[in-house]
1. Condition test on ILE582, is it at pLDDT below 70, surrounded by 14 or more Cβ atoms within 10 Å (Cβ to Cβ) and assigned to a helix (DSSP H, G or I)?
2. Please work out if LEU113 is buried (at least 19 other Cβ atoms within 10 Å of the Cβ) and more than 14 Å from THR61 (Cβ to Cβ).
3. Wholly within segment 1-118, which helices (runs of 4 or more DSSP H) include no fewer than the required count, namely at least 3 residues that are out of contact with any helix residue (DSSP H, G or I) (no Cβ under 7 Å at 6 or more places or on another chain) and of a type in the set (D, E, K, R)?
4. Take the residues of segment 723-746 that are in a helix (DSSP H, G or I) and among the β-branched types (Val, Ile, Thr): which is surrounded by the most Cβ atoms within 10 Å (Cβ to Cβ)?
5. Looking at segment 669-690, can you tell me whether even one residue there is at pLDDT 85 or above, in a helix (DSSP H, G or I) and buried (at least 17 other Cβ atoms within 10 Å of the Cβ)?
6. Hey, can you tell me all the residues within segment 444-459 that are touching a helix residue (DSSP H, G or I) at 6+ places or on another chain (Cβ under 9 Å) and in a helix (DSSP H, G or I)?
7. Hey, any hits in segment 709-720 for a residue that's outside any helix (DSSP H, G or I), surrounded by 12 or more Cβ atoms within 10 Å (Cβ to Cβ) and modelled with pLDDT under 70?
8. Could you please tell me which pairs satisfy a Cβ distance under 9 Å, a separation of 6+ or placement on different chains, a first residue in segment 345-357 that is assigned by TED's automatic domain parsing to the domain that holds ASN415 and over 14 Å from SER403 (Cα atoms), and a second residue that is modelled with pLDDT of 75 or more and hydroxyl-bearing (Ser, Thr, Tyr)?
Amino acid sequence: MIFLKNVFTIYRNDWIRIFKAPIAALLIVALMVLPSLYAWFNLAASWDPYSNTSGIKIAVTSEDDGAVIRDSSVNIGDEIISSLKKNDKLGWEFVSKEKAKEGVTKGEYYASLYIPHDFSAKIATILEDKQVKPEIDYSVNEKLNAIAPKMTSTGASTIVQQVKENFIHTVSESVLGVFNDAGIKLEEELPTIRNIEEKIFALEKEVPKINELGEKVVTLEDKLPEINKQAQKILTLEAAFPDINEASKNILLLEEKLPELDKVGEGILVLQEKAPEIQKLADGVIELDAHFADISEMVIKALSNVEDMQSFLETASGSLEKIQQGINNGKQLADTLPAFIDANGEALDAVGPVYKQNLLLHQKTADAVHQFAGLVQNGNLTEEETKTNAVALQAQVQTSIDSLTRSIALFTTLNSATPNGDEALLSEIKNLQALQTNFQQEKELLQTIQVEDKEKASSLLALSQEAIELSTTLVNRYDKQTEPAIHRALEGIKDSAQNAMNDLESAQANIPKLEEILKNTDESLAFAQEELTKLHSDLPTIEKKIHETTNLIQKNMDKVLARINDAAEFYQKSFPSLKEKIHAAASFVRNDLPAAEKDISKVAAFIKTDLPRVEEAVHKAADMVQNELPNLEATLTKTADYIRNFEDEYDLGEIISLLKNDIQQESDFISDPIVLNENSLFPIPNYGSANSPFYTTLSLWVGALLLISLLRVDVRDPEGIYTPNQIYFGRWLTFVTIGLCQSLIVTLGDMFILKAYVAEPVAFVLFSMFISLVFMTIVYTLVSVFGNLGKGLAIIFLVLQLSGSGGTFPIQVAPPFFQKINPYLPFTHAINLLRETVGGMVKEKVLFSISMLIIFSVIALIIALFLKKPLANGTRKMTEKAKASEIIH
């Protein structure tokens, strides 16, 4: 009784002193609250990090050029980019390769993904003999954060997995499609198969008749006189055999060389794939150099033709003007206009050729702009070269725009001269307007483009490509559509002029149209003359450059390159059938020709020597019938039996049903054959709530450390009233009381301030108080028994428990040392106990954790009871020596 009385006296005196000193009371309140702040701030900072990963920036760059798979264009890089734009799991940033690299280095991005230009092409190698795995380059700045690289790596792995699943789905869909086609084809051919079966069975029934036919071979001996009539033909064939044998040797030699030819063909295909543009350019330059004199002559001739056409047009325009000035009445118009048409037909006939010449010049303009845009995009021009070429091209494009305006006016006039309009002329006007609009857009870009302006260069490249296609379309349709339409319109005007007396009003209306046509044609000729004159003046320089280029090409390129395309086309289209024919011919030479030659030689020898030799040959034939025919009969019977056995064991209809399938459904199954049924036991809605057991436990130990750091564990007892054990338990009650308040504050704050999820809130609070009691007992005992050394031990225990308790990561991923000490740490069982209250309690685990914590408490109390008194004097002296340093209290 005295023991307990003294214990409670110490406890009561502690609180009386606390309440008498306001500063002390305030400090005690602070000690109750401070551990809670430690837990709350840590939980709030990491409340739900995995739901806010959209702020983790990852740079994504795709330079995938795409690929063509079975005549279909695919670009998997673009598909990945489109998919990521819809994905907000991470902060995807779509930037250039250079910016991505710089951003990762400087820490603007946590990581980067780079899809190379050959990504789709490598995936397409699945259809080739040698497959090459595509690659995605993943770079991560690991110094920025410890966890972020794991998150970004998961994102990268997800992308790769998605591409794998799509790839498997596509491949399986293709394979099942082939099976399905095979099933359909087999079903379609089923009548034919049944028909063949019936024919074999029918042939089997006809074997007796075949035997009868074989017997008739024996009667061939009776027909020898008739055979003699054909003897001369056999002799002629025998005479030709030397030539035939010589040719057959060449056939066998050719067949022997086929593997080498195959290798050559494969090499040609590879070379064609790798150097189509070089080949095309080289062939074009060499051919241009070889025919440059013809080109120069063509330019001069074209200029001469332009001048002649201008002369015709001037004459026609003058004549038409005189007609307009001199016409006073319909009779005069009827007499004059037909004569004008007859005299100036060449001027009107020039409309079409002049227009076609201008189309070729427009095509040249589009090619020039396209080449310039490519040079700018590739960074092959200096700033001065870019500016100079852009100015020159602006003028060239403007000239084409003006020419197109005249051409549109010309075709509008021609169309108006057609009574009901002409679809070909209207279509031509529409194409000309589209080309003119394109040139206007090109001109605007040329006015502002600068060196290495890749964005505008790309736009200009696309526009010029469109212009090339439009001008090519106009040139291609000229002969079959445009020229006949022009001819129809002009013929209509001519017919109207010839019938001026009968249709005076129409003839008078056509005079302005003729004038407009001649005017537009003349202006178009001016455009053609200007361009041809400029081209003619540049011909010497062009010829020199082309010749130099040709010499360089011929010096460094194999001559075979000029014929690669022809050879490749021959290898792909003609060589397979030719190879089959060569094999067939060689097979005949090896297998059939010697026998045929032998037989013919025998027959010829018979013919030349003795007729009885024929009888010998006939006997041989009869012998063949008698010996080989039974084998044929056996083979036929065996085949028929095999068909019957197959039909007995297998149902062809079932085989067809197995081959035919639902492609989409089965492809989906192959690409994703397993459905994962996720079942969350004891679900916790967020990361912060899941971490509350750890940080709550940690704050309780920290609270105990704060108390031993600021409060005394001994009691001033100068009279020696109290025993060491009474002092221990008396002050222990004070520490425990404060610890229980700490646990109440931190747990209630977790639930009501942070809104942490707790499945069993009452148990959460009670167990936290129990844990605080255990921790306070352990820490208080260490300091009470061992003094300042005990404080160090309490801190060491804290460090070990932070690493070895498995509070944030599974203990199984920790080093072996921490795994071994884990079961013996109070933190381990305290965290497990609170986890049961947060997620949902399992009775056995709760009881086990409580039992372990009780054991730790009992051990602490035993240490206190047995060591407190023996070590009291030593601890006091050690403390006094520490205080003597005037640094440690």
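1. no
2. So LEU113 fails the test.
3. Where helices (runs of 4 or more DSSP H) fall fully within segment 1-118 and carry at least 3 residues being out of contact with any helix residue (DSSP H, G or I) (no Cβ under 7 Å at 6 or more places or on another chain) and of a type in the set (D, E, K, R), they are 2-20, 76-85, 97-106.
4. First, pick out the residues of segment 723-746 that are in a helix (DSSP H, G or I): 724-746.
Then drop every residue that is not among the β-branched types (Val, Ile, Thr), which leaves 727, 734, 736-738, 745-746.
Details: ILE727: 23, THR734: 23, VAL736: 20, THR737: 16, ILE738: 22, ILE745: 23, VAL746: 28.
It comes out as VAL746.
5. Scanning segment 669-690, I find at least one residue that is at pLDDT 85 or above, in a helix (DSSP H, G or I) and buried (at least 17 other Cβ atoms within 10 Å of the Cβ), so the answer is yes.
6. Selection gives LEU445, LEU446, GLN447, THR448, LYS454, LYS456, ALA457, SER458, SER459.
7. No, segment 709-720 contains no residue that is outside any helix (DSSP H, G or I), surrounded by 12 or more Cβ atoms within 10 Å (Cβ to Cβ) and modelled with pLDDT under 70.
8. GLY352/TYR478; GLY352/THR482
The values are calculated or read from the model by the stated rules, or taken from the named source; none is laboratory data. Please read these numbers as outputs of a predicted model, since none were measured by experiment. Cβ atoms come from the backbone with ideal geometry, glycine included; neighbour counts cover every protein chain shown.
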